[in-house]
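Inspection log for the structure reproduced underneath, given as structure tokens.
The values are calculated or read from the model by the stated rules, or taken from the named source; none is laboratory data. Keep in mind that this is a model prediction, so the values were computed, not measured. Cβ sites come from the backbone with ideal geometry, for glycine too, and all protein chains shown count toward neighbours.
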Amino acid sequence: MKKLPKPTDPAGKPYDAKGVFELCVSDMSNAELKKKYVAATEDIVLAAKHYDEAAEKSELHSIPLGQLAGVLTKEELISVYTYRMVRQERPGRTVYDALLARVPNQRCPLCGVGGISSLDHHLPKAGFPTLSVVPNNLVPACGDCQDAKRSYYPKNTEQHTLHPYFDDFDSVKWLKAGINQSAPPSFEFFVDPAAPVSPVTLSRFDTHLRVFKLLKLYASNAGSELTGVQGQLHRLLVNGGAEAVRDHCLEVADSWAQVSLNSWKSAMYTAAAANDWFCQGGFLEGND
Ligand SMILES: [Zn+2]
């Protein structure tokens, strides 16, 4: 999971909802139709303003479902995204490409694992069509995260998933892992109930992990990671004992924490370092 700065154009200027909507509808050839869209601009701007205010306060659930703009239908509003922002060679495509291009290493900010595939509507466009091309509602994401979320939207504060543009979710450590002493060992991830945040924020972390199915993803990644490093850990154990294994795990945990305090690798290696059974050779269990 990774926080992102709010959307800006390639020159670093913030994208505003008005400019992006006007750009998307700028090449409409049907004058009558274009008039309808232009007349809806102020409603789009107002919706974007309410969205920003609500997102800052984790109150996106207060935005009414199915709100429209001007005389445009839900389908007409969604079509601005589908045909005038996503489609190649449309003026709005420049915004689409710019939003995708600004993500470090093209890594999905929602899971921190998958590669970016397209833009996700944080509040889904089917339920919130006025936000179809509002930049702050468009988050670059991987295909798995988009499949997992689908038309999900929050109905109360606790149900908010983390918003990479608005939420501060990486300044305290809250993702933890535990080890099952099995053969092979397996890792389980969870939200640290002792993390120094409010109960509502803890619930939001939990919501995020569950909506995007990250508990299973991180457990699977940790299992695969362990398979890859068993030989290295074994050499450390033979040459330096459990202490060398522990020191190495702490070092890796620290290194990943510098990338992201709540990276699954940091949580995994922190759990490994804290587990005597693991460091004394438990990591080899089930390794034929
Ligand atoms: Zn993802």
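The sole residue among SER29, SER79 that is on the phi < 0 side of the Ramachandran plot, modelled with pLDDT under 95 and polar (S, T, N, Q) is SER29. Among the residues of the range 9-33, write down those that are hydrophobic (A, V, I, L, M, F, W, C) and under 16 Å from TYR165 (Cβ atoms). The answer is ALA17, VAL20.
For THR82, indicate whether it is without any contact (Cβ under 8 Å) to a residue 12 or more places away in the chain, more than 13 Å from the ligand (Cβ to nearest atom) and part of a helix (DSSP H, G or I). Criteria met by THR82.
Which residues, taken from the range 187-223, are among the polar types (S, T, N, Q), away from the ligand (no atom under 16 Å from the Cβ) and either touching a residue at least 12 places away in the same chain (Cβ under 8 Å) or under 22 Å from ALA141 (Cβ atoms) (or both)?
THR201, SER203
In the range 48-78, what count of residues is obtained for those that are surrounded by 16 or more Cβ atoms within 10 Å (Cβ to Cβ) and either of a type in the set (Ser, Thr, Tyr) or without any contact (Cβ under 8 Å) to a residue 24 or more places away in the chain (or both)? Result for the range 48-78: 4. Against the conditions (1) in contact with a Gly (Cβ under 8 Å, 6 or more places away or on another chain); (2) not in a helix (DSSP H, G or I), LEU68 satisfies every one except (1). Could you tell me whether the range 125-139 includes any residue that is under 19 Å from PHE205 (Cα atoms), within 16 Å of the ligand (Cβ to nearest atom) and either at pLDDT below 95 or not hydroxyl-bearing (Ser, Thr, Tyr) (or both)? Scanning the range 125-139, I find at least one residue that is under 19 Å from PHE205 (Cα atoms), within 16 Å of the ligand (Cβ to nearest atom) and either at pLDDT below 95 or not hydroxyl-bearing (Ser, Thr, Tyr) (or both), so the answer is yes.
So that you can scan it fast, the table gives a plain yes or no per residue for (1) out of contact with any helix residue (DSSP H, G or I) (no Cβ under 8 Å at 6 or more places or on another chain); (2) aliphatic (A, V, I, L, M); (3) closer than 29 Å to TYR51 by Cβ:
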position	(1), (2), (3)
LEU162	no, yes, yes
LEU175	no, yes, yes
GLY178	no, no, no
PHE187	no, no, no
ASP192	yes, no, no
LEU202	yes, yes, yes
LEU226	no, yes, no
ASN239	yes, no, no
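Taking the criterion of being among the hydrophobic types (A, V, I, L, M, F, W, C) and under 18 Å from SER266 (Cα atoms), the residues of the range 230-249 that qualify are LEU233, ALA244, VAL245, CYS249.
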